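Reading through the structure tokens given below for one structure.
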Amino acid sequence: MAKSSASDPSATEPSSELVARVAALREEIGEHSRRYYELDEPSIGDAEWDDLIRELRELEDAHPELITADSPTQTIGGAPSTAFAPVEHRVPMMSLDNAFDIDELRGWVERLERRLEGRTIDRYICELKFDGLAVSVRYENGRLVQAATRGNGRVGEDVTDNVRTIAAIPHELAGSPPAVLEARGEVYLPIATFDALNADLAARGEKTYVNPRNTAAGSLRQKDSAITAGRGLAMWAYQLGEVQGGPDFTSHADTLAVLEELGLPVNPEARVLGSFAELEDYINSAIERRHDLPYEIDGVVIKVDDLGLQRDLGVTSKAPRWAIAYKFPPEEKPTTLIDIQVSIGGKGKATPFAVLEPVFVGGSTVAMATLHNEDQVKVKDVRPGDTVMVRKAGDVIPEVLRPVLADRPADRPEWVFPDVCPCPVGHALTREGEDAAHYCRNVTCPLQLDGWIEHFASRGAMDIEGFGERTVRLFTENGIVGDIGDVYAIDFDEVRKLEGFGETSVQNLSAAIEESKQRPLGNLLFGLNIRHVGGSGGELLAGHFGHLDRLAAATEEELASADGVGPIVAASVHAWFADPGNLAIVEKLRAAGVNFDGPEPIADVEQVLAGKSVVVSGSLTDFSRDEAANAIKSRGGKSPGSVSKKTFALVVGADPGASKVTKAEEADVAILDEAGFRQLLETGELPT
Ligand code: IVH
């Protein structure tokens with residue numbers, strides 16, 4: 001991924017560009033992870049995701065003062081969500097190390113044999129690597145008592161009610177089960193069930209799901225188990241967790257046989273094999289049959305069969321040494337690149353994408369693929385008319401890899417980035433900064449309107465609940481909103497005429513919109529979509545100028561003189577407020593009564609909380625949630641969403657989060673009531 005100069009982690013003082021880059025990365029990662037974890041609709045491949053996280057981590061490592069408790073580096077990675085009760089796994093649910101080719105697999109076998117100092121491993125067991133999500137199902141005296149997701153391996157989520165709806169998982173074990181038995185396995189959605197679900201959605205004109213894995217994950221994590229029940233999930237059991245009072249197992253094959261006898265679904269493709277050549281054959285045969293199976297697999301898992309040897313080999317902090325996942329290489333197919341077109345995103349970003357002759361690859365038909373930016377098109381050297389190789393990156397996101405040069409006539413011209421936006425207005429597309437991206441800077445561009453409104457209504461901006469992608473699209477399509485200024489002048493009688501908008505949803509949305517008028521100025525500035533102004537940039541500007549009008553009237557020099565605001569941000573803010581279209585929006589917001597007042601300008605408030613992090617939980621009498629956070633931030637402190645060892649104090653109001661209080665007690669963090677909070681704001685010291 002191309003990096004901007006703002007990403008240079010070597011600087012000692014974080015520049016405003018760097019602060020803006022950190023905010024932009026968090027925002028981008030936040031959006032992708034919401035798509036992945038909540039909507040189960042991933043929008044980028046694993047490699048790109050890793051790049052974003054890596055860049056953010058590097059910047060935070062170089063500037064730890066920028067780390068916030070809610071940064072994705074602190075929260076992502078299978079952290080159990082708060083929606084389901086946590087379940088501690090008595091036997092950790094480990095992950096697997098990967099081998100990506102036969103040499104890596106051979107290396108693993110050799111390492112094991114070295115570790116066993118000459119003892120040979122004469123039996124391996126090969127299983128398919130099912131592409132779903134890991135669960136642990138616990139039986140006590142033969143009765144299903146609990147089911148949990150893997151989570152972070154130590155603590156997962158309680159999904160018992162939902163798992164009970166899966167027909168393949170017995171509520172009572174057969175035969176004579178041990179007193180306690182935990183079976184670990186993969187919950188998945190059979191391909192035919194997934195296809196039927198999508199066909200049904202398509203017939204009703206609704207959005208279809210991307211792949212069985214994400215649909216399975218989304219289906220299992222439903223609040224309403226009736227929805228899970230209707231999805232047709234299935235499971236393959238492949239491993240034991242805690243067992244009490246069971247037989248003495250000597251091999252993994254034995255455990256599978258017992259799981260099967262007890263009535264659990266065990267996949268019939270597992271094989272005990274001896275030689276390395278047999279392992280290779282199993283893998284090759286699985287690759288060949290991969291797309292003929294009625295469920296998705298993404299590799300083969302090879303386990304040492306002898307449980308005594310497994311014990312001797314042990315585990316690392318993350319994975320057992322006695323097992324490895326052989327990950328399949330992504331399938332590549334040739335197809336024709338019909339054209340390269342440009343799409344316009346919410347922030348006006350112009351992204352080139354490949355229009356392809358539809359090709360079936362990696363389990364589904366691909367007809368389009370992003371080409372990211374102008375430089376990527378040049379590096380790949382793909383031209384309309386070329387035969388190109390296509391694959392699914394991370395097995396989900398279609399990717400154009402390279403042209404087949406042998407098929408290219410000598411006179412085929414290079415593709416040139418268009419200089420105007422594809423919308424009917426046709427505003428100029430300009431390449432900005434060093435990140436190779438082109439932008440359409442026409443704020444009335446119909447192609448970016450939806451994205452902008454969604455951003456305006458998103459968390460961190462005006463946080464309007466219930467005003468997500470689908471509602472925004474519906475409203476713009478029906479002319480209910482034409483720009484973000486219209487959000488506060490929605491004609492709800494028109495909304496009532498739309499399908500799916502009953503009185504309750506109208507009331508809820510209307511209340512959420514009304515409530516959002518009081519968001520802090522920093523949120524509003526972030527929501528305005530000013531280039532280079534992310535969440536923290538918005539707060540900084542709000543803190544310094546104290547009112548939207550003062551910010552709008554500031555010269556570029558005045559903007560640049562604000563602490564933490566560099567020339568790039570200053571120029572961008574100045575240009576935004578110089579645009580008559582933007583000023584018209586500001587006036588609509590003013591007329592609607594949207595809050596333009598910032599916290600007291602930072603310069604006037606003593607920074608008594610500098611470097612201190614204060615968490616607020618529960619409702620306070622005299623401060624709304626945002627006001628409390630602002631009071632802390634305007635005094636130089638941080639107000640993260642969760643308690644850690646670094647927290648200076650936890651302020652508790654009515655109904656505080658129990659986990660925050662417990663965590664504060666464990667970490668010896670001071671716990672204050674509202675009076676104590678007031679004192680803290682005044683003096684920066686804990687009340688005695
Ligand atoms: S065994 C202690 N066997 O792959 C070993 N895992 O990449 C536990 N998976 O978290 C895992 N098929 O969700 C095992 N036949 C199989 C599997 C399998 C799929 C998943 C599982 C695991 C992930 C690791």
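The values are calculated or read from the model by the stated rules, or taken from the named source; none is laboratory data. As the structure is a computational prediction, the values presented were derived from the model and not from experiment. A quick note on method: Cβ atoms are made from the backbone with ideal geometry, for glycine too, and the neighbour counts reach across all protein chains shown. Each accessible area value is taken on the protein alone, full model and side chains, heavy atoms only, with ligands, DNA and RNA left out. Shrake-Rupley method; radii C 1.70, N 1.55, O 1.52, S 1.80 Å.
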Taking Lys and Arg as +1 and Asp and Glu as -1, residues besides V137 with C-beta under 14 Å from its C-beta add up to -2
Simple spin-label estimate for E88/H547, 7 Å along Cα→Cβ, in nm, reads 5.5
Over 22 Å (Cα to Cα) among K318/K638; K318/K646; K633/K660 -> K318/K638; K318/K646
One finds the C-alpha centres of the range 650-688 and the range 258-322 to be spaced, in Å, by 51
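What's the Kirkwood radius of the range 483-631 in Å, using all Cα pairs? Don't skip to the end; give the middle numbers.
On the way: mean 1/r = 0.0586 Å⁻¹.
The answer is 17.1 Å.
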PRE zone check, label point 7 Å out along Cα-to-Cβ of V359, amide N under 18 Å, scope the range 402-420, hits 402-409
accessible surface per residue for the range 244-395, probe 1.4 Å, DNA/RNA/ligands not counted, whole Å² -> 43
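Any chance you could tell me what percent of the C-alpha pair distances in the range 221-277 go past 19 Å? Show your work: numbers first, answer last.
Numbers: 774 of 1596 pairs.
Above the 19 Å cut-off, the range 221-277 has 48 percent of its Cα pairs.
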Excluding ligands, DNA and RNA, the carbon-plus-sulfur percentage of the accessible area of the range 464-546 with a 1.4 Å probe reads 44
The value for the chain (convex hull of the alpha-carbon atoms, volume per residue, Å³) is 193
In whole angstrom, the spacing between the Cα centers of the range 116-139 and the range 552-597 equals 59
For K378, counting only lysines whose alpha-carbon sits under 26 Å away and dropping same-chain residues fewer than eight positions off, the answer is K3, K333, K347, K349, K392
Under 5 Å from the placed amide H of G263, counting only residues 5+ away or on other chains, we find A174
With Cα coordinates, the longest principal axis of the chain makes an angle with the long axis of helix 46-62, in degrees rounded to 10, of 60
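Multiply the residue separation of E117 and R408 by 0.36 nm, subtract the distance between their alpha-carbon atoms, and state the gained length in nm to one decimal. Before the final figure, lay out the partial values.
Numbers: separation 291, 0.36 × 291 = 104.76 nm, distance 5.56 nm.
My answer for the length gained is 99.2 nm.
Write down the accessible area per residue of the range 553-678 in Å², having rolled a 1.4 Å probe over the full set of protein chains.
Values: 6390 Å² over 126 residues.
Accessible surface, normalised per residue, equals 51 Å².
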Gyration tensor on Cα atoms of the range 613-674, a ≥ b ≥ c root eigenvalues, a/c under 1.5 rounded, else prolate if a/b beats b/c, else oblate, says oblate
